[in-house]
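Peer 1: Quick one: the structure is below, questions incoming.
Please treat every number below as a calculation from the coordinates, not as lab data. Nothing here was measured: the structure is a model prediction, and the numbers come from that model. With ideal geometry, Cβ positions are generated from the backbone for all residues, glycine too; neighbour counts draw on all protein chains shown.
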Amino acid sequence: MTAHIAIFGATSTIAAATARLYAARGARLYLVGRNTRKLEALSHELGDAVVGTAVQDFDHTEAAQACVERAFAALGRVDIALIAHGLLGDQLRSEQDLQVAEQIARTNYLSVMALVIPLANLLEAQRSGHLVVFSTVAAERGRPRNFTYAAAKSALNVYLQGVRSRLYPANVQVHTIKLGPTDTPMSADHKKNILFSQADDVARQVIKVVERGQAEAYVPAYWRGIMFAVRNMPEFVFQKIGALSGR
């Protein structure tokens, strides 16, 4: 059966790579993104696989309900809803300026919640489907270099745990994808190392997570072991390791 997929944040590098893979499998796609030019380019590239697009600033949370309803109307049903947008933000500024911190929290938590609420309700009524949300391994522990971002994503992870159990009786699966560092525009200023992944590889693994029905998944999987050690490290040890506690 042809998969009907709605992607929110479709112009992000990993989401676009995921869309390409699904399109190659014959899926019908509805794409929502913030960047008009990138959205048009991706839609043109994917051709007939795309049944509709919408430009949406996800921080305008009051518009989320209508945005989700348009996706369902265009697709008829939604088998997979993927939420992929986010904002790393400026950590140092967020420590000095509440408005900067609020922006990071709004984009990474509140704007995602605004989409999850109508998606969860419609998938529950449909009594089938997958809700897939991109999170991050950074949410596993607060580090000085990105703890405002990490805190917002950590709140999101807990929220999704509750949504997952709520939707279980309706046969709706909720997948939290804990992404490791990936070579994308968001990480353009970061020094790359062997732990960085490529977007195409990550996209392939995301699809496998959904197919396997994993509730929470580290992508790539090796981050599970790494973050177990980081998460459980005593504070006095953690603070002495510059690679973890440094800026």
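Peer 1: Tell me, SER165, SER111 in order of fewest to most beta-carbon neighbours within 10 Å?
Peer 2: Ranking SER165, SER111 by Cβ neighbours within 10 Å, fewest first, gives SER165, SER111.
Peer 1: OK, next. Hey, with R₀ at 35 Å, roughly what FRET efficiency would TYR168 and GLU62 work out to, going by the Cβ-Cβ distance, to 0.05?
Peer 2: 0.75
Peer 1: Find how much the distance from ILE207 to ALA229 grows on full extension, using 0.36 nm per residue of separation minus their present alpha carbon separation; answer in nm with one decimal.
Peer 2: 5.3 nm
Peer 1: Using +1 on the beta carbon of Lys and Arg, -1 on that of Asp and Glu, and nothing else charged, what's the dipole of region 108-165 about the Cα centre, debye to 20?
Peer 2: 220 debye
Peer 1: Rounded to the nearest Å, what's the spacing between the alpha carbon centres of region 76-151 and region 204-247? Just the number, please.
Peer 2: Using only Cα atoms to place each centre, the spacing works out to 18 Å.
Peer 1: Where in the chain is the longest stretch that carries no chymotrypsin sites (Phe, Trp or Tyr not before Pro) classed as loop by DSSP and with at most 14 other Cβ atoms within 10 Å?
Peer 2: Maximal segment without exposed cleavage sites: 1-195.
Peer 1: Let me ask you something else. What residue among ALA64, HIS85, TYR168 has its Cα farthest toward the positive end of the dipole of the chain, where the charges are +1 on Lys, Arg and -1 on Asp, Glu, each on the Cβ?
Peer 2: Positive-most Cα among the choices belongs to TYR168.
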